[in-house]
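The values are calculated or read from the model by the stated rules, or taken from the named source; none is laboratory data. Keep in mind that what you see is a predicted model, and the values were worked out from it rather than measured. Here the Cβ positions follow ideal geometry from the backbone for every residue, glycine too, while neighbour counts run over all protein chains shown.
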Amino acid sequence: MSDALGQWNEQLVRDALGVDADLALAQPLPFTNEEDQAYWRLTKNDPDAVQIAVGCCNYVANYTGFSGRNLAAMGVVGRDHNGQLIFTATRRVPLSFPECVEAQAVRSEEQSQQLQLVQREELEDEEDLFEAIDKLIAHGINVGDVKKLQDAGIYTCNGLMMQTKKNLTGIKGLSEAKVDKICEAAEKIVNYGYITGSDALLKRKSVIRITTGSQSLDELLGGGIETSAITETFGEFRSGKTQLAHTLCVSTQLPTSMRGGNGKVAYIDTEGTFRPDRIVPIAERFGMDAAAVLDNIIYARAYTYEHQYNLLLGLAAKMAEEPFRLLIVDSVIALFRVDFSGRGELADRQQKLAQMLSRLMKIAEEFNIAVYLTNQVIADPAGGVFVTDPKKPAGGHVLAHASTIRLMFRKGKGEQRICKVFDAPNLPEAEAISYFY
């Protein structure tokens, strides 16, 4: 066997199998001989034997024009006189090793250029979704007043139009007359009046659905977690809420062509449950570089409800400058339940919670990001005698009305987690079984 064929064999196996390459290369016989007749001997006790043969064979199929064919189309598996499994290819590989490497390099370059083009187009589309606050300068607003708006956490004209005049006049240095002039200028830049139903449908096309990593859960949600919306999950401990948050940290960074969001992630942790080391195996599962994935996650630990709200205020500046696609708050209610105790503070708690939820919804719509909230459950005294251990989501009607989509998680058998659509404007009430690792 020539050196070129031996080198080609190793490259084929490593590219096709990844982490299983060392196992495959430990086999004593070569994948191909000088006549391009492919062989693959595997010990009969190796449970991965056929899987390895299929992986190598499908890789070769990319160069023979039979991409997507399975093992049966590319060869046969049998046993030799020693009882070993042997794979014999029925398709010839027409390229030599140098030609194969050159073809692969050309293909990789084409794929890289295509990916860069898609990302550039997505970035241009993203820029059209919101108008930077400094565009007010071209409409007669002085630089100093624009700076005051930015200092108050307002970085887009879209976000400006979501503020009440009371809030704007509360900004130091902005009189009522100045606020009126600013709002008048902003109305020339963004349209916050009536639009037709057709325009509303067209606007919905900018919504991205981010895969959860579970096919059954994606199907339940109509494709994944929606941007420009708040998705709330509630359930008892260990029901999969935080695990899904970790998975979304990775899947959000996938290109949109792979059902990701092609953006960064902001994670506000109120319970100390974020584990960066858990991100690593999830990233590897999706075939992504774990270090790069972690670099695209910004994380903050919140200790009081005020700290939690202030962290939200600081996000606008980052989201106006960088392509974020997901905001996670885990958990949304925990600090409010700690900082407000007793029925005497319930009304104040719900008012503060409503303010924070309003801020979350504005962020979701302003920057077209998905907001993922985890919520706790409380005992439901009115659950009835026919319901075992009845529970309901914490937060009351304030949280219920703020969430666009509400999902209830509960434990199933073993590692099974059952997700039920509890409330959604465009999804039927249904359940799905998922596995989160």
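Give me the pairs: first residue in the stretch 270-285 and within 14 Å of Gln253 (Cβ to Cβ), second residue polar (S, T, N, Q) and surrounded by 20 or more Cβ atoms within 10 Å (Cβ to Cβ), beta-carbon distance under 8 Å, and six or more apart or on different chains, which are they?
If the second residue must be polar (S, T, N, Q) and surrounded by 20 or more Cβ atoms within 10 Å (Cβ to Cβ), the pairs left are Ile282/Thr247.
Assuming Tyr305 fulfils every condition listed in (1) closer than 29 Å to Glu131 by Cα; (2) crowded, with 17+ Cβ neighbours inside 10 Å; (3) not hydrophobic (A, V, I, L, M, F, W, C) apart from one, which condition is it?
Exception for Tyr305: condition (1).
Please work out if Tyr299 is surrounded by fewer than 16 Cβ atoms within 10 Å (Cβ to Cβ), closer than 24 Å to Met361 by Cβ and under 16 Å from the mean Cα position of the chain (by Cα).
The answer is yes for Tyr299.
Of all residues in the stretch 207-217, how many are assigned to a loop (DSSP other than H, G, I, E, B) and either at pLDDT 90 or above or not assigned by TED's automatic domain parsing to the domain that holds Gln243 (or both)?
Qualifying residue count, the stretch 207-217: 4.
Which numbered condition trips up Ala320, out of (1) among the small types (Gly, Ala, Ser); (2) surrounded by fewer than 22 Cβ atoms within 10 Å (Cβ to Cβ); (3) over 18 Å from Lys264 (Cα atoms)?
So the condition that Ala320 fails would be (3).
Looking at the stretch 237-274, which of its residues are more than 23 Å from Phe409 (Cα to Cα), part of a helix (DSSP H, G or I) and not polar (S, T, N, Q)?
If the condition is that a residue be more than 23 Å from Phe409 (Cα to Cα), part of a helix (DSSP H, G or I) and not polar (S, T, N, Q), then Met258 is the only one that fits.
Can you pull out every residue in the stretch 139-188 that is assigned to a loop (DSSP other than H, G, I, E, B), over 21 Å from Ala317 (Cβ atoms) and in contact (Cβ under 8 Å) with a residue 12 or more places away in the chain?
Gly140
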